[in-house]
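Q: Please find one structure pasted underneath; my questions will follow.
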Amino acid sequence: MNNSLAEVHPELVSEWSEKNLPLKPDEVNAKSRKNVWWRCGKCGNEWKSVINARVKGTV
Ligand SMILES: [Zn+2]
């Protein structure tokens, strides 16, 4: 998939929560307004946020 989150922002892939599976970061557009789960790599905290917002760095 072109312009996927994994392709455009590979640094966010490590924060992609397993709660989103089977949906994977290479299957969503980096500008998607989909609300998905993220997992902090440091403390393991999980939260929901819109993909496009994370890409912009606002959340
Ligand atoms: Zn944390």
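Q: How many residues, within region 1-16, are exposed (fewer than 15 other Cβ atoms within 10 Å of the Cβ) and in contact with a strand residue (DSSP E or B) (Cβ under 8 Å, 6 or more places away or on another chain)?
A: 2
Q: Still on this model: Here's a check for you: in region 27-59, which residue that is polar (S, T, N, Q) and either open to solvent by 30 Å² or more (accessible area, probe 1.4 Å) or not in a loop (DSSP other than H, G, I, E, B) (or both) is nearest to the ligand (Cβ to nearest atom)?
A: Applying the first criterion (polar (S, T, N, Q)) to region 27-59 yields 29, 32, 35, 45, 49, 52, 58.
Adding the requirement that they be either open to solvent by 30 Å² or more (accessible area, probe 1.4 Å) or not in a loop (DSSP other than H, G, I, E, B) (or both) leaves 29, 35, 45, 49, 52, 58.
Numbers: N29: 26, N35: 19, N45: 5, S49: 13, N52: 21, T58: 17 Å.
Out of the qualifying residues, it is N45.
Q: Among what's in region 1-22 and is more than 10 Å from the chain's Cα centre (by Cα) and part of a loop (DSSP other than H, G, I, E, B), pick the residue that is farthest from the ligand (Cβ to nearest atom).
A: Taking the candidates together, the pick is N2.
The values are calculated or read from the model by the stated rules, or taken from the named source; none is laboratory data. Computed from a predicted model, the values in this text were never measured in an experiment. A quick note on method: Cβ atoms are made from the backbone with ideal geometry, for glycine too, and the neighbour counts reach across all protein chains shown. For the accessible areas, the whole protein counts, side chains as well, though only heavy atoms, and no ligand, DNA or RNA atoms are used. Shrake-Rupley method; radii C 1.70, N 1.55, O 1.52, S 1.80 Å.
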